[in-house]
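Notes to accompany the following structure.
The values are calculated or read from the model by the stated rules, or taken from the named source; none is laboratory data. From a predicted model like this one, the values you see are computed outputs, not experimental measurements. With ideal geometry, Cβ positions are generated from the backbone for all residues, glycine too; neighbour counts draw on all protein chains shown. In case anyone asks, the SASA skips ligands and DNA or RNA and just uses the protein heavy atoms, side chains included. Shrake-Rupley method; radii C 1.70, N 1.55, O 1.52, S 1.80 Å.
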Amino acid sequence: MDLRLMARAAALSLAAAIAHAQGIATEQLIESITVTAQRHEDRTDVPNPTASVTAQELRTQNLVNPEDALRYAPNLTLRKRYIGDRNALVGGRSFSTLQAPRALVLMDGYLLSNFLGRFDAPRWNMIAPEEIDRVDVLYGPYSALYPGNSIGTTVAVRTRRPQETELSVRTSAFSQRYEEYGLEETFSGYQLSGFFGSRFSNDAWLTLAANRQDSTSHPMQYFTVSANAAGQFPTPAPSSAEPIAVSGVRFDTDPLGRRRAVFGASGGAIDHTVQNQWKLRGGYPIASWIEVEGFFAQWTNDTQNENRTMMRDAAGNPVWYGRVRAEGIEFDVPSTAFAPSTRFERHAQWGATLRTTRDSGWNGSIVHSRYEIREDSMLEAGAPDPMAASGGPGTNTERDGTRWQTFEVQGVYSPEPDDWTGGAHALALGYHLNDYRLRSPVYETPDWRKRAGELTQDARGETQLEALYLQDTWSLSDAWALTLGVRYEEWQATQGLQWVRGLPPEVYADRHESAWSPKASLSFTPSSDWTFRLSAGRGVRFPTVAELFLGTVTPTQITRNDPNLKPEISDAVDFTVERLLNAGHVRLSVFQDDIQDTIWNQVNILVFPRSNVVQNIDRVRTRGIEAAFSLAAPAGLEALSIEGSLAYSRSRILRNEKHPAYVGNEWPRIPDWRATLNLLWQPDERWFVSLGARYNGRMYNRLENDDFNSQTYGAVSRLAMLDARVAYTMPNGVELALGIDNLTNERAWQMHPYPGRTALVEARWQLGEQR
């Protein structure tokens, strides 16, 4: 039987069994996605366009890290620069991969979204690949159940609950040969992942998931110097030092079309990371109508970053810094350009849920979770790799004590035909609280390899969001349903402070703001095969603690924050048509997202140190159309199935009083076209072969839209990649797989280079049924 058909059948039966047993409005919404796709009569209407992938479907693609589950999601961009990347950022319909706070990510209802750093991605590391049960994606701010960060995309990851004793183990190895700017090297790694679960006679259950990964990235960035528009390179400062004549410097054209010199892989370009994660999760039915569950997870990361110089003197010795001459042009290479760095991180997260599980009527739940950065130390040397090996001065940037936590109380009413609502109303209401606390001191260290040092900078602050929400799905008739919702949010930013040695501390005034977010969705289901849905909603995304207060200066980066940022206000509309076919389904969505006061972080890696500036843009509007489909092959080709998507977007700056010249420009990092395609051939239950394609079209990286040379380092380029996988399950149950990502070794960039052709080998064994 086809893996995809098996997955759909299993997902339908599971959803039908527990759609009314969760007691949490958000979980009911996610459960109903599967039910809606099959036109189940008792479904809860979903106001959002959705996309889903199950564990069985994920087995047919190359999944190393949890975020790989989004690789083929419709109209999404996943900026994963290498295996083990801790900053695998998500971009969606109307937001770029530099707007992480518009991607809300949940694991079993617990918040994984990390809004404590300017480019911090969701904490995917709290999920072991082997424990994923399914991943659901919701588009747009159309549900009152989610906070304002859902104005872009909401990703809900559900991990497995065992129905019996289960055990699975997976091991994989991967390698790529990377060649760029004359640097040629092989980068490899491995991963071990396991899952154990058991359900006991009293219906209590327990799971243990663990993951270890050791990987090394290809070069992420390069030290470069660009000429001006007239072709003149900057004149070095006066010096008595005699320049060293060097070879190996490569000259190319930067994203702005200027001549550029490239000196080597710099700024901790090559990342060797060793990550360990484990998670214990369990649940217990206190009575037939109430249950409790909880989890504790820990993740550690030990990173060594190093560099590669391309410069060689006349004797062939590497040159790492100083006054150099290449092709008759003199340059100054700072001692910090090729400085190595290390980082150690230890994070922990835990959470608990108490919920009722009645089949109908009122249910309630209480959910709490907390994420703590217990240790985080980034040590950067002040000298290049060879000299730094013996120590010397440097900096230490810490985030110990940084954390976030959430608390939610929800009530859900599931109607019966003869109840007080006449069986026409399904209600959800609740209270939500989250707060984020930032601590980011910077120390000057006499020995960069040790944490001890003198405090030179400090940045800290806290934000808190409280919300009340109500949502009602009203069945007007057998064919019509109206979902109305409203969310009221109160936000505050407190304890904001920045301090730089030698200057008085800058203490920011506390801020308090509030906002209403109304939602409405009308659906029409004339038959079991057709659904038409018009949704409209407002979402308010308040500034994060990092955007407000995290301004720092390090040897490699300068960041300028803005404590007076306005919140983003999104007014979005979506019209979706869904058609259920005998051999699959098709979805077509037309959408518009009109956003006031978009928060944008302009990044410039073409200068050293890198520069980041955060600011509001008055009005940005995105319009687009997207299609997604899943089809089985016609008679005679039953072993073949196909899934795919195609989306077109136009995102424009409509008003910007600070920089009127930007008006009419395209919004950065939103491609005009996105497309995915998956082909699966499964001739029998032991073999399958899959081929996946992903495409992102043209886009800019700067508000100025002057980075027209997109196929180069530092730019945001087109992406067109093919991935392949073949797997065989032996009679003893062991599955062996061989995969290749970026089969044709295409070059693509999101400022940093994407991986080249990467080969993967994998072995997997399981005991017990996995749902």
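Placing +1 on the Cβ of every Lys and Arg and -1 on the Cβ of every Asp and Glu, with nothing else charged, gives the chain a dipole about its Cα centre of roughly 1160 debye. With the convex hull of the Cα atoms taken as the outline of region 650-699, the averaged projected area works out to 4.8 nm². Using the empirical formula 2.2 N^0.38 Å as the baseline, the Cα radius of gyration of region 287-328 reaches a ratio of 3.04.
Express in nm, to one decimal, how much length is gained between Phe344 and Glu638 on full extension, taking 0.36 nm for each residue of separation and deducting their alpha carbon distance.
Contour length minus Cα-Cα distance gives 100.8 nm.
What is the sum of charges around Glu626, taking Lys and Arg as +1, Asp and Glu as -1, for the other residues whose C-beta is under 11 Å from the C-beta of Glu626?
So the surrounding residues net to +2.
Applying the Karplus relation 6.51 cos²θ - 1.76 cosθ + 1.60 with θ = phi - 60° to region 684-698 yields 3J(HN,Hα) values of 8, 6, 9, 10, 8, 10, 10, 9, x, 10, 9, 9, 10, x, 5 Hz, where x marks Gly and Pro. Applying Stokes-Einstein at 37 °C and 0.692 mPa s to the Kirkwood radius of the chain, computed over alpha-carbon pairs, gives a translational diffusion coefficient of 120 µm² s⁻¹. Among beta bridges from DSSP that stay inside region 193-326, the antiparallel ones total about 95%. Scalar couplings 3J(HN,Hα) for region 537-542, obtained by applying the Karplus form with A = 6.51, B = -1.76, C = 1.60 to θ = phi - 60°, are x, 10, x, 10, 10, 7 Hz; x denotes Gly and Pro.
For the chain, what is the mean residue ellipticity at 222 nm derived from helices alone (per DSSP H run of n ≥ 4: -39500 (n - 2.57); sum divided by total residues; nearest 500 deg cm²/dmol)?
On the way: 5 runs with 42 residues, N = 771.
One gets -1500 deg cm²/dmol as the mean residue ellipticity at 222 nm.
Electrostatic bookkeeping for Tyr181 treats Lys and Arg as +1 and Asp and Glu as -1; over the other residues with beta carbon under 12 Å from its beta carbon, the sum is -1.
Note on the chain: dipole from Cβ charges, positive end direction compared against Thr153, Tyr321, Val274; the farthest Cα belongs to Tyr321.
Estimated from the Cβ-Cβ distance and a Förster radius of 56 angstrom, the FRET efficiency linking Ala583 and Arg560 is about 0.55. Give me the angle, in degrees from 0 to 90, between the Cα long axis of helix 25-37 and the longest principal axis of the Cα atoms of the chain, rounded to the nearest 10. On a 0 to 90 degree scale, this one is about 80. Site pair Ala314 and Thr186 shows an inter-label distance of 3.7 nm when each label is modelled 7 Å from Cα along Cα→Cβ. In terms of its Cα atoms, region 330-407 spans 77, 26, 15 Å along the principal axes, sorted from long to short. Largest first, the three principal axis extents of the alpha carbons in region 151-297 are 81, 37, 28 Å in whole numbers. Annotation: per residue accessible area for region 632-729 equals 45 Å², rounded to a whole number [probe 1.4 Å, protein chains only].
Model label sites at Leu455 and Asn87, defined 7 Å from Cα along the beta-carbon direction, differ in position by 2.6 nm.
Dividing the Cα radius of gyration of region 85-134 by 2.2 N^0.38 Å, with N the residue count, gives 1.15. At q = 0.11, 0.17 Å⁻¹, what base-10 log of I(q)/I(0) does the Debye formula yield for region 639-771 when every alpha carbon is treated as an equal point scatterer in vacuo? So the normalised log intensities are -0.57, -0.95. Relative to the first principal axis of the alpha-carbon coordinates of the chain, what is the inclination of helix 3-18, with its axis defined by its Cα atoms, in degrees from 0 to 90 and to the nearest 10? Tilt relative to the chain: about 60 degrees. Considering only Ser377, Leu637, Leu484, the residue lying farthest towards the positive end of the dipole of the chain is Ser377, judged by Cα position with unit charges set on Cβ.
Of the DSSP beta bridges with both residues in the chain, give the percent that are antiparallel, rounding to the nearest 5.
95
Net length available on complete extension from Val507 to Leu482 is 4.2 nm, with 0.36 nm assigned per residue and the Cα-Cα distance removed.
The distance between label points at Val734 and Val590 comes to 5.6 nm (points 7 Å beyond Cα on the Cα→Cβ vector).
On a per residue basis, the convex hull of the C-alpha atoms belonging to region 165-233 measures out at 126 Å³.
How large is the charge dipole for region 630-771, taken about the Cα centre, if only the Cβ atoms of Lys, Arg (+1) and Asp, Glu (-1) carry charge, to the nearest 20 debye?
The dipole magnitude comes to about 520 debye.
Given their separation in residues at 0.36 nm each and the Cα-Cα distance between them, Thr235 and Phe532 gain 100.6 nm when the chain is fully extended. Within the straight-line cut-off of under 26 Å between alpha carbons, the lysines reachable from Lys566 are Lys519, Lys658, sequence neighbours fewer than 8 places apart in one chain being disregarded. List the aspartates and glutamates whose alpha-carbon lies under 16 Å from that of Lys80, not counting same-chain residues fewer than 8 positions away? Of all the aspartates and glutamates, those that pass the test against Lys80 - Cα under 16 Å, at least 8 places apart if same chain - are Glu67, Asp68, Asp120, Asp271, Asp723, Asp741, Glu746.
Across all directions, the average projected area of the convex hull around the alpha carbons of region 477-545 is 7.2 nm². What is the percent carbon and sulfur in the accessible area of the chain, measuring with a 1.4 Å probe over the protein chains and ignoring ligands? Here carbon and sulfur together make up 57 percent of the probe-accessible area.
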